[in-house]
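Below: one structure, written as structure tokens.
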Amino acid sequence: MNTHAPAQHTDVLIVGAGPTGLALAIDLARRGVDALVVERAGALFPGSRGKGLQPRTLEVLDDLGVHDAIRAAGASYPVGVIWQDGVRTGEHRMFDAAEPTEGAPYAEPWMVPQWRTQEILAARLAELGGEITFGRKLAGIEQDPEGVTATFVSGPPVRARYAVAADGGRSTVRRALGIGMTGESVDPSPMLVADVRIEGLDRDHMHVFPPAEGGGYLAIWPLASTDEFQVVAAFPEGTEPDLSLDGIRKVVGARSHLAPSDVTEVRWASDFRPRAAMADRFRDGRVFLAGDSAHVHSPAGGQGLNTSVQDAYNLGWKLAAVLSGEARASLLDSYEEERLPVAADMLGLSTRIHRGEARRGEATRQLGIGYRASALAVETRDGLAEEALRAGDRAPDGVRGGLRLFDEFRGTHWTLLTVGAGSDVAGLPEPSALPGLAEVRTVRIPSYEAYGDGVFLIRPDGYVGWAGTTAEGLASYAAAISG
């Protein structure tokens with residue numbers, strides 16, 4: 001550890017090059033923020049672990065400029081085939097079916113191996129001029145009123161104005177800050193997850209092998225755009241799964257109609273105990289927790305990676321606004337205010353799904369997540385119907401007047417949207433009259449039932465920040481952000 005070497009300086013230090021850290025780095029890079037991603041490993045994570053991308057995350061990835069690559073790299077979740085003694089006995093659908101709508105064009109989860117998602121995110125970061133420094137194991141982190149200093153086992157220290165812990169469930173940053181993590185074991189039974197090559201199985205289905213007497217659950221998933229399968233197997237409490245090729249061959253041979261030799265290669269393997277835990281707080285001064293460093297999920301609900309990417313999406317625009325001087329530092333308080341309750345809800349959902357108490361349906365798609373209780377959500381209209389769009393809600397897509405709303409929202413700006421009668425409201429401020437908002441795009445469309453008539457200020461992360469029948473009070477909202 002070279003604590004006497006000159007420190008490297010950056011605006012934001014991101015510890016961890018998983019989906020969370022990479023998504024945050026992309027969002028900051030496209031806003032012109034100098035961010036450094038450091039990763040203790042020598043390369044990106046090699047496994048398929050977090051393979052399910054929910055519809056709301058697909059919207060986020062669309063905005064970050066990687067949606068086309070993600071679509072090309074993945075596929076819809078296949079129908080599961082249930083096997084018993086080598087005979088197909090039924091089918092299993094992982095998620096409730098859903099159809100795309102005008103307001104929500106991405107309806108179903110998209111399966112992409114985590115390693116491929118990370119490759120796509122890393123390539124996008126490189127396009128934007130960002131980079132990842134590998135082999136940087138954190139040794140310590142300290143902060144003062146002006147910034148954060150991180151030291152490493154090797155290499156020079158890093159001095160940053162802010163730091164973000166995106167270094168996983170065993171976060172070194174979180175432990176160094178002394179932030180506790182409260183949770184429970186969801187299931188004491190260990191789980192094996194491995195990426196393997198298998199002969200003798202079709203790649204059009206997920207393959208489910210229910211436990212036989214004295215055995216355990218086994219599922220085998222084809223991984224889209226690869227020649228690999230993901231093997232998931234449960235073991236009795238107290239077992240130590242054998243992650244070797246021979247060990248995985250024995251499990252597959254004992255629990256399915258496949259021969260052990262049908263497993264020809266193991267590319268990656270891991271074992272874990274499903275748990276649900278959340279950090280006691282998501283911020284300590286100039287350091288923020290995001291992703292698994294803040295919340296650890298059972299994989300059953302397909303919520304962990306998705307909640308994590310959306311942490312980054314919530315935090316990125318706020319850090320950029322404060323660093324540029326366009327917003328007061330208190331804007332950063334809204335990160336924990338908004339994301340901690342969401343993480344708690346998603347943890348509960350993941351746990352219920354793991355225990356068979358809930359289905360993978362509308363809630364798992366995360367399109368209904370919003371921030372109505374946030375200080376950044378100001379609703380000035382009265383008498384709204386229960387189902388009406390409100391400040392704090394996700395802003396729907398749609399095509400009106402020749403404009404697609406998601407195309408108008410895409411980017412780093414705020415969007416001042418007037419709908420129907422609201423488009424004729426007198427006194428609608430010019431974007432330059434909205435201090436604290438770095439860039440505002442004005443969009444006017446005819447009546448659209450998903451919004452109702454009125455004036456809507458859409459945040460950079462696609463949520464309604466302010467809503468009114470007229471523009472009265474809108475400038476005050478912007479001024480409160482800038483201070």
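Assorted remarks:
- Residue within segment 459-471 that is part of a helix (DSSP H, G or I) and either open to solvent by less than 40 Å² (accessible area, probe 1.4 Å) or within 22 Å of Trp317 (Cβ to Cβ) (or both) present: no
- Selected residue (criterion: nearest to Asp407 (Cα to Cα)) from residues of segment 438-458 that are under 25 Å from the mean Cα position of the chain (by Cα) and open to solvent by less than 10 Å² (accessible area, probe 1.4 Å): Ile458
- Looking at Gly411, Gly383, Gly370, just one residue is more than 23 Å from the chain's Cα centre (by Cα), of a type outside the set (A, V, I, L, M, F, W, C) and either part of a loop (DSSP other than H, G, I, E, B) or under 25 Å from Gly32 (Cα atoms) (or both), and that residue is Gly383.
- Of the strands (runs of 3 or more DSSP E) contained entirely in segment 30-99, those carrying at least 2 residues that are more than 30 Å from Pro157 (Cβ to Cβ) and free of Cβ contacts under 8 Å to residues at least 40 places away in the same chain fall at 87-92.
- Only a single criterion out of (1) open to solvent by 50 Å² or more (accessible area, probe 1.4 Å); (2) of a type in the set (Ser, Thr, Tyr); (3) within 29 Å of Phe229 (Cβ to Cβ) is not satisfied by Ser154, namely (3).
- Matching residues in segment 79-116 - criterion: being touching a Lys or Arg at 6+ places or on another chain (Cβ under 8 Å) and within 28 Å of Ala269 (Cβ to Cβ): Val79, Gly80, Val81, Ile82, Met94, Phe95, Pro109, Trp110, Met111, Val112, Pro113, Gln114
- Of the residues examined, Ala43 is one that is farther than 30 Å from His257 by Cβ and exposed (fewer than 15 other Cβ atoms within 10 Å of the Cβ).
- Qualifying position, being of a type outside the set (Val, Ile, Thr), farther than 23 Å from Glu408 by Cα and open to solvent by 30 Å² or more (accessible area, probe 1.4 Å), among Glu102, Glu131: Glu131
- Segment 158-177 residues that are in contact (Cβ under 8 Å) with a residue 60 or more places away in the chain and more than 17 Å from Asp311 (Cα to Cα), paired with ones that are open to solvent by less than 20 Å² (accessible area, probe 1.4 Å) and acidic (Asp, Glu) (beta carbon under 8 Å, 6 or more apart): none
- Of all residues in segment 161-173, those satisfying the criterion of being open to solvent by 10 Å² or more (accessible area, probe 1.4 Å) and either closer than 18 Å to Tyr335 by Cβ or among the polar types (S, T, N, Q) (or both) are Arg161, Tyr162, Ala166, Asp167, Thr172.
- Selected residue (only one of Ala254, Ala233 is open to solvent by 20 Å² or more (accessible area, probe 1.4 Å) and not polar (S, T, N, Q)): Ala254
Every residue, every condition in (1) modelled with pLDDT of 95 or more; (2) among the charged types (D, E, K, R), yes or no:
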| residue | (1), (2) |
| --- | --- |
| Glu108 | no, yes |
| Ala126 | yes, no |
| Ile141 | yes, no |
| Asp144 | yes, yes |
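So that you can scan it fast, the table gives a plain yes or no per residue for (1) within 21 Å of Pro113 (Cβ to Cβ); (2) modelled with pLDDT under 95; (3) more than 24 Å from the chain's Cα centre (by Cα); (4) part of a helix (DSSP H, G or I):
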position: Gly183; (1), (2), (3), (4): no, yes, no, no
position: Arg197; (1), (2), (3), (4): yes, no, yes, no
position: Gly215; (1), (2), (3), (4): no, yes, yes, no
position: Gln230; (1), (2), (3), (4): yes, no, no, no
position: Glu237; (1), (2), (3), (4): no, yes, yes, no
position: Leu243; (1), (2), (3), (4): yes, no, yes, no
position: Val251; (1), (2), (3), (4): yes, no, yes, yes
position: Val266; (1), (2), (3), (4): yes, no, yes, no
position: Ala269; (1), (2), (3), (4): yes, no, no, no
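The values are calculated or read from the model by the stated rules, or taken from the named source; none is laboratory data. Predicted model only: the values in this text are computed from it and were never measured. Neighbour counts are summed over all protein chains in view; Cβ atoms, including those assigned to glycine, are modelled from backbone coordinates with ideal geometry. Remember, those area values only see protein heavy atoms, side chains included, never the ligands or the DNA or RNA. Shrake-Rupley method; radii C 1.70, N 1.55, O 1.52, S 1.80 Å.
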